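Engineer: Before I ask anything, let me first share the structure, which is written out below as structure tokens.
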Amino acid sequence: MTTRRDITERNDRALLQAARDVLAEDGAHASVAAVAARAGVGIGSLYRRYRTKEELFQRLSLMSLDHWNEAAEQGLADPDPWAGLATFVRRCVEFGQGTLAPIAGAIEVTREMSDKARHGDELLDELVRRAREAGALRSDVTTVDISLLIEQLGRFPAADQLRKQGRDDLLPGAAEARRRLIAIALDGLRAGHAPLPGSPPDNELFTGRWSNP
């Protein structure tokens, strides 16, 4: 028997997934109406669950941070340092972590968000340290490099465009192409390549955008 709680939880999952999809397509201009329409619920239902657009995006950010941290913990549980780091990157890219980049600086960062992000930084530091000490990760790659790489690969415009065009027949090919790009990127992180150009990016480049000016 389907209860009211079951319906509420199902609608919430649909709203969060819709918000991620709309953000991927429309960026910071994503509207609450578009999210509700994508989720197949009334805008009144959305506002009963989330009082403001900012609250919805804060919840979405927490969900993304939880996924990041769970993926990092899974990677650290792997006895092979390189496999653990690669699994982390792959899971984060396939989840679409980069879709939240457009709202950086547009919403208030809550204490819970800040705490989870700090823990995520610590986990990634450990993943990188293990892979570097094992001689698997190139020595000039930093945690910020990896975070930015995940952000860039987390958005896949080709697939978004195909969905808008209704070309579902091409989506399996797009998914395969994305897996190839992830493999190419991971190979570039391995030790033994020519030095990277320029200086390592400062952490402010990745995190500073979330602070309101």
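The values are calculated or read from the model by the stated rules, or taken from the named source; none is laboratory data. The model shown is predicted, which means the values in this text are computed figures rather than measured ones. Quick reminder, even Gly has a Cβ in these numbers, built from the backbone with ideal geometry, and neighbours come from all protein chains shown. Surface accessibility is based on the protein's heavy atoms, side chains included, excluding ligands, DNA and RNA. Shrake-Rupley method; radii C 1.70, N 1.55, O 1.52, S 1.80 Å.
Engineer: I'd like to know if region 78-87 contains one or more residues that are open to solvent by 20 Å² or more (accessible area, probe 1.4 Å), among the hydroxyl-bearing types (Ser, Thr, Tyr) and part of a helix (DSSP H, G or I).
Structural biologist: yes
Engineer: Given the condition of a type outside the set (S, T, N, Q), touching a residue at least 12 places away in the same chain (Cβ under 8 Å) and surrounded by fewer than 16 Cβ atoms within 10 Å (Cβ to Cβ), answer yes or no: does some residue in region 143-152 qualify?
Structural biologist: Within region 143-152 (the criterion being of a type outside the set (S, T, N, Q), touching a residue at least 12 places away in the same chain (Cβ under 8 Å) and surrounded by fewer than 16 Cβ atoms within 10 Å (Cβ to Cβ)), the answer is no, since none of the residues qualifies.
Engineer: I'd like the residue in region 169-195 that is in contact with a helix residue (DSSP H, G or I) (Cβ under 8 Å, 6 or more places away or on another chain) and open to solvent by 70 Å² or more (accessible area, probe 1.4 Å) and, out of all such residues, is farthest from Glu94 (Cα to Cα).
Structural biologist: Arg190
Engineer: Restricting attention to region 198-206, does a residue exist that is more than 15 Å from the chain's Cα centre (by Cα), surrounded by 10 or more Cβ atoms within 10 Å (Cβ to Cβ), aliphatic (A, V, I, L, M) and farther than 19 Å from Leu100 by Cα? Give the steps one after another, and end with the answer.
Structural biologist: First pass over region 198-206, keeping only residues more than 15 Å from the chain's Cα centre (by Cα): 198-205.
Checking the rest, the ones that are also surrounded by 10 or more Cβ atoms within 10 Å (Cβ to Cβ) come to 200-205.
Next, only the ones that are aliphatic (A, V, I, L, M) stay: 205.
When the remaining residues are screened for being farther than 19 Å from Leu100 by Cα, the result is none.
Among the residues of region 198-206, not one is more than 15 Å from the chain's Cα centre (by Cα), surrounded by 10 or more Cβ atoms within 10 Å (Cβ to Cβ), aliphatic (A, V, I, L, M) and farther than 19 Å from Leu100 by Cα, which makes the answer no.
Engineer: For region 10-34, which residues satisfy the criterion of being farther than 15 Å from Asp160 by Cα and either in contact with a strand residue (DSSP E or B) (Cβ under 8 Å, 6 or more places away or on another chain) or acidic (Asp, Glu) (or both)?
Structural biologist: Asp12
Engineer: Within region 77-96, does at least one residue satisfy the condition of being in contact with a helix residue (DSSP H, G or I) (Cβ under 6 Å, 6 or more places away or on another chain) and at pLDDT below 90?
Structural biologist: Yes, the conditions are met somewhere in region 77-96.
Engineer: State which residue pairs qualify: first residue farther than 19 Å from Asp145 by Cβ and inside region 104-130, second residue acidic (Asp, Glu) and surrounded by 15 or more Cβ atoms within 10 Å (Cβ to Cβ) in any location, beta carbons under 8 Å apart, and separation of 6 or more residues or different chains.
Structural biologist: Correct list of pairs: empty, since none qualify.
Engineer: Here are some conditions: (1) touching a residue at least 12 places away in the same chain (Cβ under 8 Å); (2) open to solvent by 40 Å² or more (accessible area, probe 1.4 Å); (3) of a type outside the set (Lys, Arg); (4) part of a loop (DSSP other than H, G, I, E, B). Gln74 meets all but one. Which one does it not meet?
Structural biologist: With (1) touching a residue at least 12 places away in the same chain (Cβ under 8 Å); (2) open to solvent by 40 Å² or more (accessible area, probe 1.4 Å); (3) of a type outside the set (Lys, Arg); (4) part of a loop (DSSP other than H, G, I, E, B) applied to Gln74, the lone miss is (4).
Engineer: Which residues, taken from region 17-62, are among the hydroxyl-bearing types (Ser, Thr, Tyr), open to solvent by less than 60 Å² (accessible area, probe 1.4 Å) and assigned to a helix (DSSP H, G or I)?
Structural biologist: Ser45, Ser61
Engineer: Follow-up. So for region 100-114 (the condition being surrounded by fewer than 16 Cβ atoms within 10 Å (Cβ to Cβ), farther than 23 Å from Ala24 by Cα and more than 14 Å from the chain's Cα centre (by Cα)), does at least one residue qualify?
Structural biologist: Yes, that holds for at least one residue.
Engineer: From the set of residues in region 124-138 that are surrounded by 18 or more Cβ atoms within 10 Å (Cβ to Cβ) and hydrophobic (A, V, I, L, M, F, W, C), which is farthest from the chain's Cα centre (by Cα)?
Structural biologist: Ala136
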